[in-house]
Amino acid sequence: MKIAVCVKSVPDTEANIKIAADKKNIDLNGVRFITSPYDEFAVEEALKLKEKHGGETVAISAGGAEVTDVLRDCLARGIDTAVHINDPELQWLDPLSTGKVLAAAIKDGGYDIILCGQQGVGGDNNQVPAILAELLDLPQATVVVKLEVDSGNFKAEREIEGAHEFVEGPLPAVISAQKGLNEPRYPSIKGVMAARRKTIETKDAEALGIRGQITRLVSVKSMDMPPERPQGKKIEGDPETQAKTLVGLLRNEAHVL
Amino acid sequence: MPQGILVFIEQRNGHIRKSSLEALCEAKRKSGGEPVSALLVGENVKGLAAEIGKYHPAKLYVADAGALASYSTEGYTSALVEGVKKADPKFVFGANTAMARDLFPRAATRMNAPLVTDVMELIADNGKLDAVRPMYSGKCMGTFEFASPLAFVTLRANVFALDEGDGNHNEAAVEDLAADTGTIRAKVVETHKAEGSKIELSEASIIVSGGRGIKGPENWPMLEDLCEALGAALGASRAVVDAGWIDHQHQVGQTGKTVSPQLYIACGISGAIQHLAGMSSSKVIVAINKDPEAPIFKHATYGVVGDLFEIIPSVTSEVKKLNENN
């Protein structure tokens, strides 16, 4: 079984986000990058699938130098090989463009399954897995919390509002991972050492045959901080008085009850 | 010439999702007088035309077929794309639901059109529409502009006003769509209702959330009582989800759901940056916590410092009194 896992390098979820001077990007000064948390579930699932079915795992990521650590981390966890799509033309893209870039890297690879995190934390678009499935003309199951793969088919349990949906279909397919799918392992010291010796293959737009072909159809016009919340009120007294005052304010002042 | 807006009306088991109607109302407000039409997909769903008709779409397209009885990405993508080709709009709107997050990227890609998800504001500007959405779970806001004749947008629930329907229905404007669903490869074989809270977080107008301060999963019933009195959904911090006290579906914050209800009551939640990111666009925030220094108080409309095990039951009984008097 040949397994691709798409990973993204994102600003640490602990980071305070500031807007850059051009008001179109975030200020990256001092921002630490991490593997997008949902991608960790995708990587773990790739490793588990290989343990069970044998085969080969490949991690793929697009971006600048910040991507290297993420791909090293994948290799340290046990992913076999890594592909870094590194081209100034192909960075900080919108979801559709990202999908096109990843599809170009995946399409002739003979993959049986393509795993992604259900969203890249930060952009929070929830789009790339479905875009990828469409561009590759494959079935999809997104936001998956349980996955079984057997003799050319998949069974996926996915989250919808107030319920879980069970989806079945043939491989190859694109699956996006939700928290709960598995417990991601930490890289072992041995894994970290081994990862240092592995080479990360880099590809640019030429190598992918998409030089000049990626056009942004949507772009950031401006980025702003959310409006400041007005100073709040402190509610004093014994618990009963506090409860009475609170409910009174919610009804008569805030008008939400 | 593309014109106006097509709104995808989501239904499951014959129930229309309210947030789809919110999207329809917002489309009418922002179409600049161009036609707003609606699209309904399913099996035997024509009976729902009256409910949609209250909001007067210029036309209601209906893709009604056995193969569309339950949701499938591929079947519904074919139907939505067919609707878009028929209506030839500038924009396709839908509610930002689990279905739309699965369906819209795929349909937009088939049309080589961009999609902006989880939009909280639409700004009409000289015949164009810009979409404003939270990024980094609401730590900042991005305004997006489109450079394409067609664009898809999903709108966050509870943010856009639902107009009063006027009771006059325009059922006459229904047009059947013959969607070729082709072979559906990935099929939904079963749906299981999740346990616990009946109200979905992303659609709830009131959310009561619990964190470490509730001390253990045995104390959820205290919060569930308050939820029931308020008609609220139950939320949770990442800490208690990671501790296994509750399912991830309840998690609010950067690796959970980003919500913007009318009222958010944080109980025993200190307010880690990832949690604040997920709920700080709520209209009114109440924080109940014993630590007066907890960061959550900086964001609270009403801060209650004290023992939540005493305060919450009192709040519940006050709300019940209020309910009885109404």
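The values are calculated or read from the model by the stated rules, or taken from the named source; none is laboratory data. Not measured: the values here are computed from a predicted model. Cβ atoms come from the backbone with ideal geometry, glycine included; neighbour counts cover every protein chain shown.
Miscellaneous remarks
- Subset of region A:109-133 (residues that are more than 8 Å from chain B (Cβ to nearest Cβ), on the phi < 0 side of the Ramachandran plot and part of a loop (DSSP other than H, G, I, E, B)): A:Gly109, A:Tyr111, A:Asp112, A:Gln118, A:Gln119, A:Gly120
- Taken across region B:257-272, residues that are surrounded by fewer than 22 Cβ atoms within 10 Å (Cβ to Cβ), under 17 Å from A:Thr13 (Cα atoms) and more than 15 Å from the chain's Cα centre (by Cα) do occur, with at least one present.
- Helices (runs of 4 or more DSSP H) lying entirely in region B:1-93 (those with 3 or more residues that are out of contact with any Asp or Glu (no Cβ under 7 Å at 6 or more places or on another chain)): B:18-30, B:73-87
- Flag for A:Glu148 being assigned to a strand (DSSP E or B), of a type outside the set (Lys, Arg) and at pLDDT below 95: no
- The set of residues in region A:154-207 that are within 14 Å of chain B (Cβ to nearest Cβ), of a type in the set (D, E, K, R) and over 24 Å from B:Thr255 (Cα atoms) comprises A:Lys155, A:Glu168.
- Of the residues B:Glu22, B:Glu82, B:Glu43, B:Glu74, the single one that is among the charged types (D, E, K, R), modelled with pLDDT of 95 or more and within 15 Å of the chain's Cα centre (by Cα) is B:Glu22.
- Residue match in region B:235-247 (condition: within 11 Å of another protein chain (Cβ to nearest Cβ) and within 21 Å of the chain's Cα centre (by Cα)): yes
- From the list B:Gly47, B:Gly75, B:Gly83, B:Gly127, the lone residue that is surrounded by fewer than 18 Cβ atoms within 10 Å (Cβ to Cβ), assigned by TED's automatic domain parsing to the domain that holds B:Ala27 and within 30 Å of B:Glu190 (Cα to Cα) is B:Gly47.
- Of all residues in region A:237-257, those satisfying the criterion of being more than 8 Å from chain B (Cβ to nearest Cβ) and among the acidic types (Asp, Glu) are A:Asp238, A:Glu253.
- Filtered by the rule that a residue be assigned to a helix (DSSP H, G or I), loosely packed, with under 15 Cβ neighbours inside 10 Å and not aliphatic (A, V, I, L, M), region A:182-207 gives A:Lys190, A:Arg196, A:Arg197, A:Glu206.
- Filter pass, B:Ser137 being surrounded by 19 or more Cβ atoms within 10 Å (Cβ to Cβ), more than 7 Å from chain A (Cβ to nearest Cβ), part of a helix (DSSP H, G or I) and out of contact with any strand residue (DSSP E or B) (no Cβ under 8 Å at 6 or more places or on another chain): no
- Residue in region A:212-225 that is more than 14 Å from chain B (Cβ to nearest Cβ) and either of a type in the set (Val, Ile, Thr) or outside any strand (DSSP E or B) (or both) present: yes
- Across region A:48-66, the number of residues qualifying as part of a helix (DSSP H, G or I) and either among the small types (Gly, Ala, Ser) or surrounded by fewer than 20 Cβ atoms within 10 Å (Cβ to Cβ) (or both) comes to 5.
- Residue match in region A:168-180 (condition: under 22 Å from A:Glu134 (Cβ atoms), without any contact (Cβ under 8 Å) to a residue 24 or more places away in the chain, assigned to a strand (DSSP E or B) and in the same structural domain as A:Leu136 (by TED's automatic domain parsing)): yes
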